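Here the structure comes first, spelled out in structure tokens, and everything after it is commentary.
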Amino acid sequence: MTRAATRKTLLAVVTLLAAMLACTFPLCAQNPPAGPSNADATATDPVFVDRANAVLLRARSLVDTFFDRVSNAVCKENVSQMMVGKNEKPFYREDSVFDYQLLASNKTGTLRLTESREMRKASFRDPHKSLLITNGFANMLLILHQSYESSYVFSPVAEEQADGQTLFKYHFEAVPGTSSPAAIQLSGRNYPLQLHGDIWIEETSGAVVKLVSSLVGGLDDLGLHDLRSEVHYSYVQFHDPEEALWLPSLAVIDVETPKQHWRNVHRFSEYRRFRVTIQVGLGAEKP
């Protein structure tokens, strides 16, 4: 992933780059993991609360090392950029394919995330259509990172079963006045976003399986009425060396302004190790 790679540097923020031309739309989240849930009964059960707190601590510990572990992985990213009508159906769509890699650095004491994208397949581009450009939503795990531990309050909601796994569902709320890992960039200026939502964590590993977030209130003064995202993570097995990680598989982002609704869908697949091969040539010895 060199040469024509497009790099976006995120200073511990998830940046949404949008050509906001007085528009708006709601994000339609997918259904939560299937399986029985008894939120009312379990949320006040002290045994459940203790187990949920232990799972949350496990997830925090995992996220603290996640970005270092995933930096040597590269994948295929399919991006669909859509404009959505009042009937919630897309009426315009562009599809692109990229090689995608996330790089992380903590050398200065501040987590720096760099996204690298190299075009595989460019989409047909209608110059008369203004589309949304979204980056970094696959990295919403930062809400669990130690850098933002004081920025969110997590409340256990329920224990659920899905695909033979035990998941703990939590609701999270942003603490007013604290830093946020999400921002919207308009005219070169970043505006922090206060988010709330729900997160599903697998009990044994502490891996995040699904994360749904939305904007607290709105930013109507900036023309942003609503922003919602839904990120799914899937189990990926690597070889040589053997390692298993839960990595982003799907991210759906909806943005709504007073006059427009955009929806972007990012699909991540074909994960593989990023390897660099160095060849050293030795010149012929002089006589």
Between S150 and K129, 0.36 nm times their residue separation minus their Cα-Cα distance comes to what? 3.5 nm
Calculate the length of the line joining the C-alpha centroid of region 223-278 to that of region 49-126, in whole Å. 4
Across region 161-166, in residue order, what do the Karplus-derived ³J(HN,Hα) couplings come to in whole Hz, using 6.51 cos²θ - 1.76 cosθ + 1.60 with θ = phi - 60° and x for Gly and Pro? 10, 8, 6, x, 10, 9
Using θ = phi - 60° and the Karplus relation 6.51 cos²θ - 1.76 cosθ + 1.60, list the HN-Hα couplings for region 89-95 in order, rounded to whole Hz, with x at every Gly or Pro. 10, x, 10, 8, 8, 10, 10
Taking other Cβ within 10 Å of each residue's Cβ, how do V84, V97 sort, fewest first? V97, V84
Out-of-range pairs (alpha-carbon distance over 20 Å; input K169/K210; K86/K210; K121/K210; K76/K121; K129/K210; K89/K210): K86/K210; K121/K210; K129/K210; K89/K210
Order the peptides 180-193, 119-132 from the highest to the lowest mean number of other Cβ atoms within 10 Å of their residues. 180-193, 119-132
Using a 10 Å cut-off on Cβ atoms, rank the peptides 145-152, 45-52 from the highest mean neighbour count down. 145-152, 45-52
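All of the numbers you see were taken from the coordinates with simple rules; none came from a lab. Note that the structure is predicted; figures quoted are calculated from it, not measured. Reconstructed Cβ throughout: ideal geometry from the backbone, glycine too, with neighbour counts over all protein chains shown.
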